[in-house]
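Data first, discussion second: the structure below is written as structure tokens.
Every read-out reported here was derived from the displayed coordinates using simple, explicitly stated rules and does not represent laboratory data. Source: prediction; values computed, not measured. Positions of Cβ are backbone-derived with ideal geometry, glycine not excepted, and every protein chain shown enters the neighbour counts.
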Amino acid sequence: MAFAYDDQNIFAKILRGEIPNNTVLETEYSLAFRDIQPQTPEHVLVIPKGPYATFDHFALEASDVEIVDFTRTVGKIAEMLGVQPATGAGGFRLISNAGEDAIQEVPHMHVHLVAGRPLGRILQ
Ligand code: 5GP
């Protein structure tokens with residue numbers, strides 16, 4: 001599977017309003033919504049509105065304003081969910097699967113924010 005951007009991917013359809021989603025937060029450049037198959041009590045996907053297939057495309061090609069907006073949106077989601085470690089909450093994990101080896105299912109860049117239970121180690 002090549003990861004050139006294809007605007008028929010499911011998140012592009014969500015952005016165009018062709019498929020419903022459970023939005024948590026929308027900004028000018030980013031959208032955060034609940035994963036349809038949550039793996040943890042809190043499982044939110046944060047996506048840029050721009051056409052970036054993978055994290056590296058986004059990091060290298062998006063404008064500074066898009067990147068700042070995206071990063072702040074992730075922070076705001078952690079705040080909204082009440083999972084910020086500094087508050088004494090249990091914390092959270094960010095995951096961005098990029099490409100085949102990472103088993104990226106949807107070829108529109110996204111970050112998973114998962115939280116709400118102990119998450120275990122993912123790297124040894
Ligand atoms: P990936 O493996 O690409 O990192 O993860 C894609 C995620 O998108 C999966 O966790 C999957 O459950 C979620 N997903 C796939 N289709 C939809 C959908 O139509 N709506 C929502 N909200 N999530 C979806």
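Under a Cβ-Cβ cut-off of 13 Å, what is the net charge of the residues other than residue 20 that fall near it, where Lys and Arg count +1 and Asp and Glu count -1?
Net charge around residue 20: +2.
As a test of the formula, what do you get for the chain when each DSSP H run with n ≥ 4 contributes -39,500 (n - 2.57) and the sum is divided by the residue count, at 222 nm and rounded to the nearest 500 deg cm²/dmol?
Numbers: 3 runs with 31 residues, N = 124.
Here the helix-only value at 222 nm equals -7500 deg cm²/dmol.
Equivalent ellipsoid semi-axes for the chain, as square roots of 5 times the alpha carbon gyration tensor eigenvalues: give them largest first, rounded to whole Å. The partial results should precede the final answer.
Working: eigenvalues 105, 56, 42 Å².
Semi-axes, largest first: 23, 17, 15 Å.
Charges only on Cβ, +1 for Lys and Arg, -1 for Asp and Glu: so what's the dipole of the chain about the Cα centre, in debye to the nearest 20?
Its charge dipole is roughly 540 debye.
Once the piece of chain linking residue 36 and residue 117 is laid out straight, how much longer is it, given 0.36 nm per residue of separation minus the C-alpha distance between them?
Residue separation times 0.36 nm, minus the Cα-Cα distance, leaves 27.3 nm.
Hey, can you rank 25-31, 114-120, 82-88 by average C-beta count inside 10 Å, highest first?
On the way: 25-31: 16.3, 114-120: 13.7, 82-88: 11.7.
Averaged packing, sorted descending, gives the order 25-31, 114-120, 82-88.
Order the peptides 65-74, 4-13 from the highest to the lowest mean number of other Cβ atoms within 10 Å of their residues.
Result, highest mean first: 65-74, 4-13.
Out of 123, 51, 21, whose Cα points farthest toward the positive end of the dipole of the chain (charges: +1 Lys, Arg; -1 Asp, Glu; placed on Cβ)?
123
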